[in-house]
1. Quick check: is even one residue across the range 561-578 touching an Asp or Glu at 6+ places or on another chain (Cβ under 6 Å) and either closer than 21 Å to P308 by Cα or assigned by TED's automatic domain parsing to the domain that holds W340 (or both)?
2. Suppose we filter the range 77-111 for residues that are of a type outside the set (D, E), part of a loop (DSSP other than H, G, I, E, B) and touching a strand residue (DSSP E or B) at 6+ places or on another chain (Cβ under 9 Å); how many remain?
3. Going by the structure shown, is R113 among the basic types (K, R) and on the phi > 0 side of the Ramachandran plot?
4. If we only count helices (runs of 4 or more DSSP H) wholly inside the range 464-555, which ones have 2 or more residues that are more than 29 Å from T56 (Cβ to Cβ) and of a type outside the set (A, V, I, L, M)?
5. When only residues in the range 104-136 that are of a type in the set (A, V, I, L, M) and buried (at least 22 other Cβ atoms within 10 Å of the Cβ) count, which is nearest to A28 (Cα to Cα)?
6. Could you pull out the residue among E301, E330 that is within 24 Å of E387 (Cβ to Cβ) and in contact with a His (Cβ under 8 Å, 6 or more places away or on another chain)?
7. List the number of the failed condition for R577; all other conditions in (1) of a type outside the set (S, T, N, Q); (2) within 23 Å of A390 (Cβ to Cβ); (3) in contact with a helix residue (DSSP H, G or I) (Cβ under 8 Å, 6 or more places away or on another chain) hold.
8. Let me confirm something: among R69, R73, which residue is closer than 26 Å to N251 by Cα and within 28 Å of the chain's Cα centre (by Cα)?
Amino acid sequence: MLPLCWLFAAPMAVAEPLHGIAMFGKPALSADYKHFPYVNPDVKKGGRISYGVVGTFDALNPFVIKGMRTTARGIWDPEYGNLFYESLMTRSSGEPYSLYGLLAESVEWDDARSFIQFNLNPKARWHDGQPVTPDDVIFTLQLLQQKGRAPFDKRLASLSKMEKIGDHSVRFTFTDKADRETPLLLAFATPILPKHAINPETFEQSSLNVPVGSGPYKIKDIRPGERITYQRDPNYWGKDLPSKAGFDNYNEISVTYFLQDSTLFEAFKKGDIDVYPDGDSAHWQRAYNFSAVANGDVVRETFTVQRPTGMLGFVFNTRRPIFADVKVREALTLAFDFEWVNKNIYGNAFKRIQSYWQNSPLGAYGHAADDRELAILGDAKNRIAPEILAGTYTLPISDGSGADRNVLRQAVALLSQAGYSINDGKMVDAKGKPLSFEVMTQNAGQEKMALAYQRTLRLIGISMTIRTVDDAQYQARSNSFDYDMVVMSYPSTLVPGIEQFNRWGSVSRDRQTSFNYAGVANPDVDRVLTTMVNARSQEDFQASVRALDRLLVAGHYVVPLYYNGDQWIAHWKHIRRPEQVPVLGPQLSTWWDARAQ
């Protein structure tokens, strides 16, 4: 536990209480705002919704390693909403990075962000009626530091002091190691847990015992591995908050688990599942020829989202010696025939990803490095190809045959520079060892892409095997980095922050359950990440993200696949949504059941 001195107040500067905060500048909504602009505040609450997911669950604690990927959806959930646990503040999806009051009704900090004080709402209550207190906040941070999984276990790493202020406030004072995002992560990315209802000794144990939360829903029913059902709490303490207006609209929410996506879709067609987000272009184009679509009972909607592409691709595990050489990774990247895959598997529905923040001002693609960015890169700019610095680098466009000789010739030339040659039809190193590896896939869609990749690599003597594993094995192996190559998605936002250390920082390379699937440990990346999270102006922030983008592209850690600027969602017509779609995309937690009476 933390030293006792952390729990006592000392003389401190006085700051003005604020209703909201932002990463840069001020939040868009004034202190007297009534609701977020992208909700329907007058919606008739009631009815129900049934979600469907592929997988299983055996826990109700997403904050420990054992429950990281096996906790029931909805407990702490960015897609369906945090139904059960809550944070001190909530994020508006209508702004890049602004937070407003939730458990904390106001917040205080200084321009340097050397501290932040959360003033709890006196009305905040746990499901058992007990008040949410500063002691709960302090207990949570201490517990997660000792027992929690990444990134929750690192929340106190840059704190010098944590103090209870009066009956309703708690203040965090930071060391010089804290970055400018740290106060915001404490505010909205950290759950608050009830001290009186948790035994620290058993916190890490996987369990389906119903805990105590403060959120708008209670758990009604659990069928382990199959379904969890939530019921809206009529006594929810926060139902009249402006930040909750237009949310929590269903009386009942259920999440049903399926072994395969095909089975899930069949359940959707029958009406057992109400909403089906679709990420498969071929499926979206061809699978909706059933009667409910024809008669209008099922609605198909396409949303154009205003956010960066992110990165989807085959990820090299650079912990493996065969992928330690960047020239090998670049050669294997060139060899993937995107044009063939896009035409034959996806009906030319997609575009090729060229960078991690493409389609946004943060992306390096299409933007030359200016003086500000070059200063951030420092000597690292000398290790980046000129075309990447110029923002003109693109992946090769093949003839779409799956066997483009010009592109494969470039790949073979790079492999030659890395010490490989073709001998008796096999690509071998100087000792005669063949270049071979395995890609771990999770579903039929990934397997199709891998098979196309496998055929092309075989033409230049490279043996790639494919292993499709079940969900449990996939989770276990990805958590422990037990793979050569894996297909992963890295979503991007308009305000990337400290989570990028968990993806690309040296500190996360050997930390199991981190998202550093590529095993990146690059001092240049670490330095730019630090610059990014400490940026004080939007201009410095943008330059640092572009610098990070260039380093990641130059490192060839991922074979980029495709992106779609649109988001596809099919739903039964009784599920309605607000007219305005926020900048971060449609928010399912603001939709409602029109059948509610």
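1. yes
2. So the count comes out to 13.
3. The answer is yes for R113.
4. 499-504, 523-533, 538-555
5. Only one residue fits best here, namely V107.
6. E330
7. The single condition R577 does not satisfy is (2).
8. R73
The values are calculated or read from the model by the stated rules, or taken from the named source; none is laboratory data. Just so it is clear, the structure is predicted and the values come from calculations on it, not from any experiment. Note that each Cβ is placed from the backbone with ideal geometry, even for glycine, and that neighbours are counted across all protein chains shown.
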